[in-house]
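The values are calculated or read from the model by the stated rules, or taken from the named source; none is laboratory data. All figures in this text were calculated on a predicted structure; none of them were measured in a lab. Cβ sites come from the backbone with ideal geometry, for glycine too, and all protein chains shown count toward neighbours.
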Amino acid sequence: MKPAPDPTNRFLIVRWFHLALSIAFIAVIPAIVPTQRPPAAEPQANSAETPDVVFIGNSMLESRVDFALYEQINDGIDADALIDFGAYSSVWYLRLKNYVVNVNTNPDVVYMFFIDDQLTLPHLVTTGRVGEVIESLKSSEEPIFDQVIVKNQGIEQKLQAVFWDIYPIQERRSSAKTAIERVAASPLFPNLIYTTLRRTLSIVGVGTFDRESDRAALVEYNDFKQSLNELFTRQNFRSSEEVDASPDFVPKFSEAIDDSFLPPMIDLVAGSDTKLVLIRIQRRPLADGSIPTRKGLTEYISDLESYLESHGVGFIDMNGTPEVDLESYLDGDHIIPRFKPNYTKLFSEKSAEYLK
């Protein structure tokens with residue numbers, strides 16, 4: 001048996017063919033596989049009552065604010081919390097649009113909690129568990145959401161999104177992804193195209209696929225794929241070392257704002273009686289008490305604050321709050337449970353001006 005092709009020499013060839021053949025192959029799939037996805041259910045409000053205040057965020061918010069205590073401190077205030085663990089601005093936009101604005105909740109204030117530059121970092125993971133959360137929050141049509149996501153997607157993310165749309169059933173989605181990977185490598189392994197075609201048709205119940213009889217045709221490909229994966233691993237490891245060896249940085253606010261969910265979120269409440277207030281939380285301090293930062297972050301936050309002020313959006317920067325010291329944190333950026341009441345009181349004081 002001849003040795004597998006050298007992945008280092010053939011790497012660029014595969015990358016070029018991957019794009020062209022994958023797109024061509026995807027174009028054929030809808031003709032043989034049903035692509036209709038069940039329509040998304042229209043979102044409904046979480047609470048039967050109309051809250052005065054709505055909190056939106058992820059686990060960082062959940063670890064910091066005791067909502068029952070917040071209501072007690074602000075006697076007569078009814079608060080609701082929309083928390084999605086592991087979520088970022090893409091989910092926060094959908095929460096604000098479909099669970100506050102479009103259901104006529106009409107709260108006086110919406111507080112949205114974020115870290116550093118998260119507001120202009122669209123969360124591009126729209127598949128897997130996060131994708132399921134996003135799908136559950138979307139209405140039947142989300143043109144603005146889709147526009148922001150597409151603006152920020154690379155080729156691989158766009159292909160993943162296609163897999164998700166075409167193959168709502170996990171098993172078929174996985175099989176289709178494998179088929180496309182094989183088509184991409186077919187220029188280097190001509191026998192693969194026949195094997196891949198038989199496998200693809202078997203996915204939708206046309207013909208059979210005898211793995212044993214076709215195993216020989218896959219030996220070279222599998223050897224090549226393993227070598228290529230090892231090459232990717234080495235390259236990724238070197239890339240990680242380079243990133244770790246150089247200071248991290250934050251892009252300029254002016255370069256990040258237009259392709260983010262922040263302008264659409266501001267537009268959602270523009271002209272209404274609801275005040276949007278963005279809360280920057282403090283990262284876990286270092287051992288010397290200083291707050292972790294990145295190159296360009298100070299300028300970014302300054303520009304963010306000016307932008308929010310010019311658009312009538314409130315801003316509270318909890319960074320540098322002396323009462324929230326290292327002892328207030330767990331191992332990461334979450335607040336330790338016993339400090340949660342203290343944080344709730346601090347936040348109530350800082351946000352009091354926004355309550356009518």
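Assorted remarks:
- With respect to (1) touching a strand residue (DSSP E or B) at 6+ places or on another chain (Cβ under 8 Å); (2) under 27 Å from Val53 (Cβ atoms), the lone exception for Arg294 is condition (2).
- Residues in segment 124-148 that are surrounded by 14 or more Cβ atoms within 10 Å (Cβ to Cβ) and modelled with pLDDT of 80 or more: Val133, Ile134, Glu135, Leu137, Lys138, Ser139, Glu142, Ile144, Phe145, Val148.
- Filter result for the condition that a residue is under 21 Å from Phe253 (Cα atoms), free of Cβ contacts under 8 Å to residues at least 12 places away in the same chain, in the same structural domain as Gly86 (by TED's automatic domain parsing) and loosely packed, with under 14 Cβ neighbours inside 10 Å, over Pro322, Pro292: Pro292
- Test: residue in segment 268-279 that is assigned to a helix (DSSP H, G or I), within 22 Å of Tyr88 (Cα to Cα) and in the same structural domain as Gly57 (by TED's automatic domain parsing): yes
- Filtered by the rule that a residue be closer than 23 Å to Asp117 by Cβ and either among the aromatic types (Phe, Trp, Tyr) or surrounded by fewer than 21 Cβ atoms within 10 Å (Cβ to Cβ) (or both), segment 64-93 gives Ile83, Phe85, Gly86, Tyr88, Trp92, Tyr93.
- Residue within segment 99-107 that is under 18 Å from the mean Cα position of the chain (by Cα) and either assigned by TED's automatic domain parsing to the domain that holds Thr293 or surrounded by fewer than 16 Cβ atoms within 10 Å (Cβ to Cβ) (or both) present: no
- Among (1) part of a loop (DSSP other than H, G, I, E, B); (2) surrounded by fewer than 16 Cβ atoms within 10 Å (Cβ to Cβ); (3) not charged (D, E, K, R), the one test that Ser302 misses: (1)
- As for segment 49-62, it holds at least one residue that is part of a loop (DSSP other than H, G, I, E, B), at pLDDT below 90 and either in contact with a Phe, Trp or Tyr (Cβ under 6 Å, 6 or more places away or on another chain) or not small (Gly, Ala, Ser) (or both).
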